[in-house]
Amino acid sequence: MANDITTAWQAYTPTADNPWDAKKVGHLYRRAGFGASSAELDAGVKDGPEVTLDRMLNGGPADADFEQSSEFMASERSLPAGTPAVQLAAWWLYRMLRTPHPLREKLSLFWHNHFATSIVKVQNARYMLGQYRLVHRHALGNFRNLLQEMTLDPAMLIWLDAKESKRGKPNENYARELMELFTLGIGNYTEKDIREAAKAFTGYGIKQGKATFVEKEHDAGPKTVLGKTGDFAAKDVVDICLAQKACPRFLVTKLYHFLFSDAETPKAEFLQPLVRQYAESDFDTGKLVATMLRSDHFFSASVYRAKVKSPVEFAVGIVRVLEGNVGPLSLANSLEALGQVLFAPPSVKGWDGGPAWLNGQTLLFRQNLALALTSTEDARFGRRCDPAAVLSRYDRRTDEAAIAFFLRVFLQDDVSAEAREQLAGYANKSKATKYPPFWSADDVTKHRLRTLAHLTLTLPEFQLN
Amino acid sequence: MATRRDFLKSSTLLGFGGSVPAFLGTTALAAPASSKAGAKDTILVVVQLTGGNDGLNTVIPFKNELYAKYRPTIAVPKDKVFGVNAEVGLHPSMAPLGQLLNEQSAACIVQGVGYPNPDQSHFRSMDIWQAASTDATLTEGWLGKAMKAKPVPAFHLAADNEIAPLALNGAPARVPSVAKLEDFQLKIGGASGKDKSDQKTVIEAVTKGEMTTEGQPKLLDFVRRTAINTYESTDRLREIGKNYEPKVPYPASAFANRLKLAAQLIDAGIGARLFYVSLDGFDTHAGQGGAAGNHANLLATVAGGISAFYRDLSARGHGDRVCVMTFSEFGRRAKENGSNGTDHGSGAPMFLVGGKVKAGVVGDHPSLEKLADGNLVHSTDFRQIYAAVLEKWLGVDPKPILGEKFKPLDVFKA
């Protein structure tokens, strides 16, 4: 039983009742990455769970061209300090669309949301880029190192006002969020802990783009934080937080919501094996993620489609699946209306996620973006993401073949019979439509095929991840 | 201008039966003819100041010497304060609300509002205010619960990137978030009118379709409901408020634009009675400024927007129907910090604006002598104001929502 605590975290092995199939490959690629192309789906099914999971966890072969153009686009000349959020977001979207290691980008997104630093306050794209590189470096590494470096990260020093915090006049912002949002969660510390910890974060500043320590501005006196007393500096308080029992549990729970389910948190004892592993490995995130993604529970029915797609997952997913080549700046611009600007989360808490992504307005904007991406008639994207071109690449010539193709790549055929009939119905009806006289037969065919792609994307199931 | 009657005539609303989007469904039933008493139905506009507004620099005890002493760099000088009575005055940026009080008796200032054992986490404290409860787990909002008792049409007027607030959770139908009416449409890439309608038929049909067997039916259900609600309201919303000409100019701010959108929806007479608007940026830990600067600009945005909104509606005869209520998750520390800003605090003022609010100041300013952990101590529980708004303004029994403890505060004219 996948939800049985004794077996939930053991590795998934296919059975007759619970076989390895396209649905599972799609699920893995959506959660651990940003969706699978038709070729990736086929390879995943053929290669089986072990090989496919290894591929996902380790990433594909390094792509020197990709890293080179990514570096080039991130140079100070291309992205100077005054670059607006949307251009920086475009750069990251380019990485998500092209990376050979989607899981690393996905976990970087998790940590970006965890530390939720916004360029709106930091006002320096180089610092934001620096913070991205920090989370990317440690995305699947050690959380202790990530948090220690994050505490002295220039963007973070500005974001939570630690840069302004001086002996005798401590600013509490970083101390509070360190405990509430980064390590422990509410209820696991007191207001007094925050006021005391804030003293340890005095005296840090930024000089020439790097963190500095100004001894005379640091409160070197004794502090009592979470039951420990000493002349603590920043590093000591971070270690004290990491040593709390609440810390690995808090992080595992948050990662569970990110990778598994928006819905209710599982019982404490259910997550206990993961919590123990994370603590015993001294916060080895890569190892934790591997256990989670390989697990029987990850491939169980209760986790399947248990998340609402984030705007980034929605948009990048469509483009990756259609093997498109859209300009990332256009994509970044359109994500704003969907409620997610990378490098500009709405508050220290990050994006709320889950059902909060969807309301009347954002749902309409999602459907309208799906149309813009697939119609080839929108000036922002043009023909750079053309469903008709993908069909001909895979040699799908008929209406039936087109519907089958879109349902497989986007939803792995898991839709109601009614939805299938509706799509076939449109294919049929649209043969009788009177098209503008200047359209060629080829124009008409392509319009109908592109429309079938768009209609598939409007299925409610596609909003789920 | 589209009238309510056009709006109802052009829609096939009453034919939809069970799938009527709830906020329009109740509208069709609730919109009374203008001669009837129901046309005077009260309207509540909740304005959330996100980040923790510095109450002490909003309603200022300018006579008290401790005030200037606590705040050497950010105190507002006495001669800049907009006097309200002998003890307190408003930040100069709040003058538009001061003028509403002096000229139209249309503003009420409630001092020292908060709750016991104040929480200083933005998120926890905001949840407490929005749910009107300090329970450990909060899933429903006070307005959501009010709509359960009285399902009035409501709108969340959203900024970009802004999600629907907890305050509205628990309503019988999800309250729509709207940023711009003209954007509120489903685009379809049809080759002809027939092609478009064929596609729309498919989109609506697949939305209502049967459940798949696996996965999370609850979540899929949620997507379906949101989609049904949205598609059926888009065409109608676009007709509302076309060619709206405000009676007074609104300031050029996104916040004022959201209030203008509320005025459009009110004036369209579709029966909308509850609006929720937020303004972010009040977390002034550093470089807050005094009579001028960051915080002053935020207050000017709040006061300018609300004043224009009230004057516009008042000129249209809705002045006595509307009540605007402001709140923030907490006030800020009495003493400024070392970064010319203020850290998270507690007790702070609330404002009510409207033709029927009790004009003037309610309650005393929190003591500057007796602080709790450096914070101002509240004298009025915010739930007493909620109780008044629920009972006296919306006509909803506050007890099931707030419990027995909170007596309505006297904030409305008799």
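Name the residue that is farthest from the other protein chains (Cβ to nearest Cβ), counting only residues in the stretch B:188-202 that are in a loop (DSSP other than H, G, I, E, B) and surrounded by 18 or more Cβ atoms within 10 Å (Cβ to Cβ).
B:I188
Out of A:P273, A:P345, A:P311, which single residue is within 27 Å of A:L146 (Cα to Cα), surrounded by fewer than 18 Cβ atoms within 10 Å (Cβ to Cβ) and either in contact with a His (Cβ under 8 Å, 6 or more places away or on another chain) or modelled with pLDDT of 95 or more (or both)?
Working: A:P345 fails: surrounded by fewer than 18 Cβ atoms within 10 Å (Cβ to Cβ); A:P311 fails: surrounded by fewer than 18 Cβ atoms within 10 Å (Cβ to Cβ).
Answer to the check: A:P273.
Does A:F213 satisfy the criteria of being more than 23 Å from A:G82 (Cα to Cα), more than 9 Å from chain B (Cβ to nearest Cβ) and within 32 Å of the chain's Cα centre (by Cα)?
For A:F213, the condition - more than 23 Å from A:G82 (Cα to Cα), more than 9 Å from chain B (Cβ to nearest Cβ) and within 32 Å of the chain's Cα centre (by Cα) - is not met.
Only one of these is more than 28 Å from A:S302 (Cβ to Cβ), in contact with a helix residue (DSSP H, G or I) (Cβ under 7 Å, 6 or more places away or on another chain) and part of a helix (DSSP H, G or I): A:Q87, A:Q68. Name it.
The conditions single out A:Q87.
Within the stretch A:310-321, can one find any residue that is within 25 Å of A:T99 (Cα to Cα) and facing another protein chain (nearest Cβ under 9 Å)?
Looking through the stretch A:310-321, none of the residues is within 25 Å of A:T99 (Cα to Cα) and facing another protein chain (nearest Cβ under 9 Å).
Mind checking which residues of the stretch A:428-456 are more than 10 Å from chain B (Cβ to nearest Cβ) and closer than 14 Å to A:A404 by Cα?
A:L449, A:A453
Across the stretch B:364-407, what is the number of residues that are modelled with pLDDT of 95 or more, closer than 27 Å to B:E103 by Cβ and part of a loop (DSSP other than H, G, I, E, B)?
1
Pick out the one residue from B:V152, B:V76 that is of a type outside the set (G, A, S), outside any strand (DSSP E or B), in the same structural domain as B:V361 (by TED's automatic domain parsing) and over 27 Å from A:G339 (Cβ atoms).
Details: B:V152 fails: over 27 Å from A:G339 (Cβ atoms).
On inspection, the qualifying residue turns out to be B:V76.
Of all residues being in a helix (DSSP H, G or I) and hydrophobic (A, V, I, L, M, F, W, C) in the stretch A:2-43, which is farthest from A:F406 (Cα to Cα)? Just the residue, please.
A:A32
So which residues in the stretch B:299-318 are more than 12 Å from B:A256 (Cα to Cα) and under 17 Å from the mean Cα position of the chain (by Cα), if there are any at all?
B:L299, B:L313
Would you point out the residue of the stretch A:151-197, among those that are of a type in the set (A, V, I, L, M, F, W, C) and facing another protein chain (nearest Cβ under 9 Å), that is surrounded by the most Cβ atoms within 10 Å (Cβ to Cβ)?
Filtering first and then ranking leaves A:L160.
Test of understanding: among A:V409, A:V390, A:V415, which residue is of a type outside the set (D, E, K, R), at pLDDT below 95 and either out of contact with any Cys (no Cβ under 8 Å at 6 or more places or on another chain) or not assigned by TED's automatic domain parsing to the domain that holds A:V326 (or both)?
A:V415
In the stretch B:136-158, which residue that is within 9 Å of another protein chain (Cβ to nearest Cβ) and closer than 23 Å to B:L49 by Cβ is surrounded by the most Cβ atoms within 10 Å (Cβ to Cβ)? Spell out the reasoning first.
Step one: of the stretch B:136-158, the residues within 9 Å of another protein chain (Cβ to nearest Cβ) are B:136, B:156, B:158.
Then drop every residue that is not closer than 23 Å to B:L49 by Cβ, which leaves B:156, B:158.
Details: B:H156: 27, B:A158: 25.
For the stretch B:136-158, the residue satisfying everything is B:H156.
Taking the stretch A:344-388, which residues are facing chain B (nearest Cβ under 7 Å) and acidic (D, E)?
A:D352, A:E377
Determine which member of the set A:D236, A:D262 is modelled with pLDDT of 95 or more, surrounded by fewer than 21 Cβ atoms within 10 Å (Cβ to Cβ) and either in contact with a helix residue (DSSP H, G or I) (Cβ under 9 Å, 6 or more places away or on another chain) or farther than 27 Å from A:L464 by Cβ (or both).
A:D236
Do you know which of the residues in the stretch A:174-226 that are without any contact (Cβ under 8 Å) to a residue 24 or more places away in the chain and of a type in the set (S, T, N, Q) is farthest from A:L129 (Cα to Cα)?
A:T190
Name the residue that is surrounded by the fewest Cβ atoms within 10 Å (Cβ to Cβ), counting only residues in the stretch B:120-135 that are more than 10 Å from chain A (Cβ to nearest Cβ) and over 17 Å from the mean Cα position of the chain (by Cα).
Only one residue fits best here, namely B:D135.
The values are calculated or read from the model by the stated rules, or taken from the named source; none is laboratory data. None of these values were measured; they are calculated from a predicted model. As a convention, Cβ positions derive from the backbone with ideal geometry for all residues, glycine included, and neighbour counts pool all protein chains shown.
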